[in-house]
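Below is one structure; the comments refer to it alone.
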Protein chains: 2
Amino acid sequence: MEAFTFYNPTRISFGVGKIKDLGMELNKAGIKRILLIAGGGSIKQNGAYKQVLDSLGKGGIEFREVWGVQANPTLAKAQEIVSIAKENQTEALLAVGGGSVIDTAKAVAAGVYAADTWNLFTGTEKIEKALPLYTVLTLSATGSEMNGNAVITNSETRQKWGIGSELLYPRLSIIDPALQGSLPFKQTANGAIDAMAHILEYYFADDKAISTLAINDALLRTIVEMADRLKTNPSDLLARGNLAWSATLALNGISGVGLKGGDWACHLIEHAFSALHPNIAHGEGLGVIIPAWIEYMSEKEPARFLRWAKNVWGEENVSRGVHRFRDKLEAWGMATSLRDLGIKEKDLPEILSLIMTTPRIGAVSKFTASEIESLLMLAY
Amino acid sequence: MEAFTFYNPTRISFGVGKIKDLGMELNKAGIKRILLIAGGGSIKQNGAYKQVLDSLGKGGIEFREVWGVQANPTLAKAQEIVSIAKENQTEALLAVGGGSVIDTAKAVAAGVYAADTWNLFTGTEKIEKALPLYTVLTLSATGSEMNGNAVITNSETRQKWGIGSELLYPRLSIIDPALQGSLPFKQTANGAIDAMAHILEYYFADDKAISTLAINDALLRTIVEMADRLKTNPSDLLARGNLAWSATLALNGISGVGLKGGDWACHLIEHAFSALHPNIAHGEGLGVIIPAWIEYMSEKEPARFLRWAKNVWGEENVSRGVHRFRDKLEAWGMATSLRDLGIKEKDLPEILSLIMTTPRIGAVSKFTASEIESLLMLAY
């Protein structure tokens with residue numbers, strides 16, 4: 001197994017009703033004034049908002065609210081919130097929502113100490129300090145609740161880029177599966193695909209991490225099984241909980257142990273789709289590109305992909321595995337081609353040139369522009 | 001899935017030669033004077049000691065050494081080290097060794113702030129503060145390198161009891177699989193059984209933690225597979241590494257997520273064996289009691305144990321699974337009965353009365369004295 005470092009100091013509080021402890025946790029940490037960051041209002045429907053307000057009240061925590069973080073969250077929004085956080089001398093941030101809200105909060109947490117938030121993404125400035133971050137997760141997908149990474153879109157340059165720092169691990173993340181009980185299946189499936197994608201970005205990087213790969217097989221099978229259960233019964237709380245925890249493990253470091261940091265070509269490619277078409281859900285975009293990537297790569301190196309076909313899908317060859325993967329996505333009502341995503345053939349050159357602004361695409365195989373073109377055609 | 005809290009702030013540095021960074025890590029943390037705690041001298045043979053000295057030198061770290069921690073480590077030794085740590089105004093502890101050395105270091109870390117170290121075990125005093133702890137692991141087994149627990153034997157009262165605190169998580173644990181390359185297979189197998197035992201203590205507690213159980217299946221299979229490989233080739237570094245990481249995961253919280261804290265009857269029972277016969281290795285003792293416990297329990301509740309037989313051993317019923325487990329232990333040259341361990345039938349009443357000094361034995365099923373007697377006879 002390759003050398004690795006594992007470090008993840010986020011505390012997870014998992015279970016129905018766990019928000020009730022939030023206010024006292026903040027209080028115990030000596031925090032008095034926070035900024036609550038949220039999305040478009042779904043947390044008023046799912047009950048999270050009311051529970052958060054009650055809990056903050058019990059802990060005697062002063063707070064201000066900022067709403068309006070959208071899917072594929074933008075730099076502009078993060079910058080707006082940075083100003084508010086500075087004005088209010090915010091002591092900590094509380095993200096209540098899914099990955100977009102949490103990622104925005106991370107950009108803000110570091111951004112308040114930067115000359116310009118985008119500098120942290122380009123690497124012009126380093127993250128030296130960050131506000132403490134607390135989260136209440138309402139959509140299991142990105143794993144952002146238990147890692148130090150964030151991805152933000154700069155709408156002007158159309159770059160969807162990331163930051164990562166040990167300073168950005170949430171201090172505490174609350175995962176209450178009941179908050180996800182009313183999600184439409186489409187969103188659940190997006191989350192499930194995103195979680196699978198995180199595991200798969202690591203999965204093919206090295207066959208020597210035997211223990212990690214065995215865990216990853218287990219997680220991939222569990223995610224498919226739980227999503228299937230939720231398609232039949234969206235209020236299956238047991239499936240919600242196990243899907244939620246699997247999604248957290250998919251990107252909290254455990255699934256990547258000994259796997260050389262993973263590949264991440266598919267994520268870079270998908271980021272170009274959703275930077276150009278912000279209405280494309282990240283999970284659905286990944287569901288289109290990953291099977292195409294496996295197909296493309298396995299022609300060169302079939303042995304590397306056989307384990308996945310066998311252990312996750314019970315198939316004896318890779319193309320059968322890819323077939324089963326796409327069938328599953330279709331059964332979940334998800335796109336299986338760029339066409340399904342609403343991308344037109346004439347968009348491909350622009351997507352390609354956007355992808356090529358990234359210094360390096362892929363680790364398992366480093367892609368050239370013409371290879372990405374072939375890959376996009378395969379996904380089209 | 002049951003509600004749970006997950007928190008594990010230990011940093012793991014895994015890989016061949018990783019000790020070289022230790023001195024600078026201590027230095028960066030502002031630590032200048034440490035106490036190095038070690039066992040009987042095996043770290044001089046496996047190369048760990050020399051690498052540690054070099055690294056401490058590079059970091060400019062002053063240190064004193066205490067040697068002589070033994071398997072089934074004693075309170076008396078911990079108390080001796082507490083005095084030395086106090087005299088030397090030690091700023092941090094460095095445990096170089098296996099679980100016994102690390103557990104002793106944890107008892108010392110908390111013990112220097114206690115009126116009496118044993119009070120922390122009986123609960124008379126609470127752990128309010130502890131010295132920072134760093135570890136270099138030389139035997140993968142107990143998982144102590146990545147948790148906040150320690151078990152110590154009070155030779156006077158013959159109680160082998162434990163403590164647990166968030167303050168006792170090591171700050172940094174270095175796992176270099178090459179240090180374990182010269183271990184006799186017997187010790188490797190003891191470690192493998194100990195790691196399996198930790199997973200199995202959680203495994204049967206609840207069937208609703210679907211994601212955790214899938215991971216636990218994966219870990220149990222991996223541990224058996226890696227131990228088999230190491231029996232054939234002790235210097236198989238890849239198997240060493242994957243066994244090492246599996247053993248860490250077996251007791252760092254991951255394997256217990258949503259499993260209600262586990263059962264731990266077998267550990268309590270085994271602690272009585274080794275408290276009376278300190279020459280019995282913890283892993284080997286567990287290998288005797290666990291299959292007997294599964295046999296005993298599965299007569300009452302077969303369904304609970306069937307998953308294990310199927311997913312770990314590929315068997316269709318529990319007794320075949322138990323059979324396969326015992327066959328494996330035998331193939332590894334390990335004891336499969338109390339008799340094999342050198343325990344005599346006349347010792348059983350004393351063992352029983354020692355076990356019964358624990359307030360509660362088991363969570364899946366709470367054992368009475370007569371049930372433990374039956375269980376011991378089954379294991380005899």
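Numbers at a glance
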{"quantity": "Prolate/oblate/rounded label for chain B (Cα gyration tensor, a/c 1.5)", "calculated": "prolate"}
{"quantity": "Between 0 and 90°, nearest 10: helix B:282-300 axis offset from chain B longest Cα axis", "calculated": "30 degrees"}
{"quantity": "Candidate residues A:352, B:56: accessible-area rank, largest first, probe 1.4 Å", "calculated": "A:352, B:56"}
{"quantity": "Drop in accessible area of at least 50 Å² in the complex versus isolated chain, residues of the stretch B:4-18, 1.4 Å probe", "calculated": "B:4, B:6, B:7, B:11, B:14"}
{"quantity": "Nearest-10 value in Å² for the accessible area of residue B:50, using the 1.4 Å probe", "calculated": "130 Å²"}
{"quantity": "Residue A:228 versus residue A:126: modelled label distance in nm, points set 7 Å from Cα along the beta carbon direction", "calculated": "4.9 nm"}
{"quantity": "Phi to ³J(HN,Hα) by Karplus 6.51 cos²θ - 1.76 cosθ + 1.60 over the stretch B:134-148, Hz, x for Gly, Pro", "calculated": "10, 9, 10, 8, 10, 8, 7, 6, 7, x, 4, 5, 9, 8, x"}
{"quantity": "Probe 1.4 Å, protein heavy atoms only - accessible area per residue of the protein assembly as shown in square angstrom", "calculated": "37 Å²"}
{"quantity": "Candidate aspartates and glutamates - alpha carbon under 15 Å from residue A:58, same-chain residues fewer than 8 apart omitted", "calculated": "A:21, A:25"}
{"quantity": "Peptide-level mean, for A:238-247, of C-beta atoms on other protein chains within 10 Å", "calculated": "5"}
{"quantity": "Inter-copy label distances at residue A:317 (7 Å, Cα→Cβ; nm, one decimal)", "calculated": "4.0"}
{"quantity": "Size of the A/B contact, given as accessible area buried on both chains, probe 1.4 Å, in Å²", "calculated": "3100 Å²"}
{"quantity": "Local electrostatic count, residue A:143, Cβ distance below 12 Å [Lys/Arg +1, Asp/Glu -1]", "calculated": "-4"}
{"quantity": "Approximate spin-label separation residue B:58-residue A:366, in nm, with each point projected 7 Å along Cα-to-Cβ", "calculated": "2.8 nm"}
{"quantity": "Residue-averaged 222 nm ellipticity for the protein assembly as shown, from DSSP H runs of 4+ at -39500 (n - 2.57), nearest 500", "calculated": "-15500 deg cm²/dmol"}
{"quantity": "DSSP beta bridge pairing in the protein assembly as shown, given as percent antiparallel to the nearest 5", "calculated": "30 percent"}
{"quantity": "Average beta carbon contacts from partner chains per residue of B:206-216, 10 Å cutoff", "calculated": "6"}
{"quantity": "Most to least accessible of B:185, B:325 (protein chains only, probe 1.4 Å)", "calculated": "B:185, B:325"}
{"quantity": "Unit charges at the beta carbon, dipole of the stretch A:268-380: most positive-side option, A:276, A:353, A:313", "calculated": "A:313"}
{"quantity": "Accessible surface of chain A [probe 1.4 Å, protein heavy atoms]: carbon and sulfur percent", "calculated": "49 percent"}
{"quantity": "With DNA, RNA and ligands ignored, accessible area of residue A:360 (1.4 Å probe; Å², nearest 10)", "calculated": "120 Å²"}
{"quantity": "Karplus-derived 3J(HN,Hα), 6.51/-1.76/1.60, for each residue of the stretch A:166-175, Hz, glycine and proline x", "calculated": "4, 6, 9, 4, x, 5, 8, 10, 9, 10"}
{"quantity": "Calculated from backbone phi, Karplus (6.51, -1.76, 1.60) coupling profile of the stretch A:370-380 in Hz, x at Gly/Pro", "calculated": "6, 5, 5, 4, 4, 4, 5, 5, 5, 7, 6"}
{"quantity": "Other-chain or far-sequence residues with amide H under 5 Å of residue B:343's (modelled H)", "calculated": "none"}
{"quantity": "Label zone at residue B:20 (point 7 Å along Cα-to-Cβ), backbone N below 12 Å, the stretch B:35-59", "calculated": "B:55"}
{"quantity": "Acute angle (nearest 10 degrees) that the helix A:265-276 long axis makes with the longest principal axis of chain A, alpha-carbon atoms", "calculated": "60 degrees"}
{"quantity": "Pseudo-label separations to other copies for residue A:30 - Cα-to-Cβ vector, 7 Å, nm", "calculated": "1.3"}
{"quantity": "Extension gain, residue A:235 back to residue A:45 (0.36 nm per residue minus Cα-Cα distance, nm)", "calculated": "66.9 nm"}
{"quantity": "Under 18 Å from the Cα of residue B:129 - lysines, other chains or at least 8 residues apart", "calculated": "A:28, B:86, B:106"}
{"quantity": "Selection of GluC sites (Glu not before Pro), the stretch A:121-193, meeting DSSP coil and at most 13 other Cβ within 10 Å", "calculated": "A:128, A:156"}
{"quantity": "Percent of C-alpha pairs per 10 Å bin, the stretch A:267-334, short to long", "calculated": "22, 44, 28, 6"}
{"quantity": "Other-copy label distances relative to residue A:182, 7 angstrom Cα-Cβ extension, nm", "calculated": "6.6"}
{"quantity": "Simple label model, 7 Å out from Cα along Cβ direction - residue A:373 to residue A:87, nm", "calculated": "5.0 nm"}
{"quantity": "Ranked by how many other beta carbons lie within 10 Å on average, peptides B:195-207, B:5-17 from highest", "calculated": "B:195-207, B:5-17"}
{"quantity": "Listed residues A:364, B:66 arranged by accessible area, highest first, probe 1.4 Å", "calculated": "A:364, B:66"}
{"quantity": "Sequence-distant residues sharing a close amide H with residue A:172 (under 5 Å, placed H)", "calculated": "A:11, A:135"}
{"quantity": "Cα-based helix-to-principal-axis angle, B:318-331 vs chain B, degrees rounded to 10", "calculated": "50 degrees"}
{"quantity": "For residue A:114, distant residues with modelled amide H under 5 Å away", "calculated": "none"}
{"quantity": "Projected-area average for the stretch B:1-133 over all orientations - Cα convex hull basis, square nanometres", "calculated": "9.8 nm²"}
{"quantity": "Most fluctuating residue given options B:99, B:253, B:68, as computed from a GNM of chain B linking Cα atoms under 10 Å", "calculated": "B:68"}
{"quantity": "Point-charge dipole on Cβ atoms (K/R +1, D/E -1) for chain A, about Cα centre, debye to 20", "calculated": "760 debye"}
{"quantity": "Within-13-Å neighbourhood charge of residue B:223 [Cβ basis; K, R +1; D, E -1]", "calculated": "+1"}
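The values are calculated or read from the model by the stated rules, or taken from the named source; none is laboratory data. From a predicted model like this one, the values you see are computed outputs, not experimental measurements. Positions of Cβ are generated from backbone atoms using ideal geometry, with glycine treated the same way; all protein chains shown enter the neighbour counts. Side chains included, ligands, DNA and RNA excluded: accessible areas come from the protein's heavy atoms. Shrake-Rupley method; radii C 1.70, N 1.55, O 1.52, S 1.80 Å.
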